[in-house]
1. Only residues that are within 15 Å of Val67 (Cβ to Cβ) and assigned to a helix (DSSP H, G or I): list them for the range 161-188, please.
2. When the residues of the range 254-305 are filtered to those that are surrounded by fewer than 19 Cβ atoms within 10 Å (Cβ to Cβ) and of a type in the set (Val, Ile, Thr), which remaining residue is farthest from the chain's Cα centre (by Cα)?
3. List the number of the failed condition for Thr93; all other conditions in (1) closer than 28 Å to Pro24 by Cα; (2) within 19 Å of the chain's Cα centre (by Cα); (3) not small (Gly, Ala, Ser) hold.
4. Right, Arg250: touching a Ser or Thr at 6+ places or on another chain (Cβ under 6 Å) and farther than 24 Å from Leu165 by Cβ or not?
5. Residue by residue through the range 96-128, note down the ones that are over 14 Å from the mean Cα position of the chain (by Cα), farther than 18 Å from Gly186 by Cβ and among the aliphatic types (A, V, I, L, M).
6. Only residues that are surrounded by 16 or more Cβ atoms within 10 Å (Cβ to Cβ) and at pLDDT below 95: list them for the range 130-158, please.
7. Which residues, taken from the range 41-66, are crowded, with 20+ Cβ neighbours inside 10 Å and more than 29 Å from Val300 (Cα to Cα)?
8. May I ask you to list pairs of residues, at least six apart or on different chains, whose Cβ atoms are under 6 Å apart, with the first in the range 226-247 being of a type outside the set (D, E, K, R) and the second being at pLDDT below 90 and part of a helix (DSSP H, G or I)?
Amino acid sequence: MTGLDDAQWALAALLHETLPALLPPARLAAILDADTDEDPASWRCLTETGVLDLAVPVAGGGAGEGVLTLAVAAEEAGYAAVPGGFLGHVLATLTVDPGGRRATVALGQVLPDARRLTGTVPFVPGGHAAELVVVATAAGLSVVDLRAGGALVEGAGGVDPTRRLGTLVLDGAAHEPLPGGPARVGWLVDAARVLLAADAHGGARRCLDLAVAHARDREQFGRPIAGFQAVRHQLADLATAIAPGRGLYRLAAGHLDSGADRAHTAAALAKAHLSEVFLTAARDCVRLHGALGYTWDGPVNPWVGRALFDHALHGTPATLRRIVADGLGWG
């Protein structure tokens, strides 16, 4: 298992304290009711704490950190259900210094290599607010300036109201190739899977905490439902399913940072397992909340959408387990 250094532990503690305080249930509900996934307060917090520049080289004013540190931040973002384009932005910073601009990635389709790019790429996180986008081509990664013409992000929707997906439309857009060649595309997709796995682990932890708090507060037959053995067993089963997950995403992140041969399969396995656990945790949390859990105003609602998002983006568990099986020679 990849351990954390003191700075990474401090980052996790800082974000665990600040992000949920910025995004209490009432604030999250207001954001969703406003039909937006933008929250200036949480984005400002991520900017001021340096989280958005963790992977930017030191020469560019960042910290020069890798996937593991970003994954630590992603776990806490998942716990707090941070809305907006955090995922796309930090993934982009693994390959390009955005210079203070909002950035994202478009990895849902590999475009033909050309002097100017034309085509569409679906599933772009936070694209409606981005100024730069890192795209995948047959020759490798390239960066496109969305303000330069020939490129725009259309639509903003999806199953997760806290993280909307758009479609990148390119029509003769200029682009700047990035180093690394075609292999860098696969590496960045693996990094995305690790960050989604970390987000899923944080979200699952929050679902467990919400379920435990509700079980302590909700009374039936004159006592809290946490006193009933069936509820206790359900919570215990959920806790034991969630607890080992942190090691999976941290191991995969460490492999990506070190260039280990097992990084590709480790990223696929982490995302497959943790996104599945998150979806189970969200569903169990809804059931434990009873009728309230099924309503738009229920406290679990933001994490249900995030669980579906993490489950589907960059490969469902079934698809990813096929990758693992092929990597182990079981195909």
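The values are calculated or read from the model by the stated rules, or taken from the named source; none is laboratory data. Everything numeric here is computed off the predicted structure, so don't read it as measured data. Every residue, glycine as well, gets a Cβ built from its backbone with ideal geometry; the counts of neighbours run over all protein chains shown.
1. The answer is Arg184, Gly186, Trp187, Leu188.
2. Thr295
3. It is condition (1) that Thr93 fails.
4. It is true that Arg250 is touching a Ser or Thr at 6+ places or on another chain (Cβ under 6 Å) and farther than 24 Å from Leu165 by Cβ.
5. Ala103, Ala114, Leu117
6. Ala156, Gly158
7. Asp53, Leu54, Ala55, Val56, Glu65
8. What qualifies is Ala226/Ala215; Ala226/Arg216; Val231/Ala215; Val231/Ile225.
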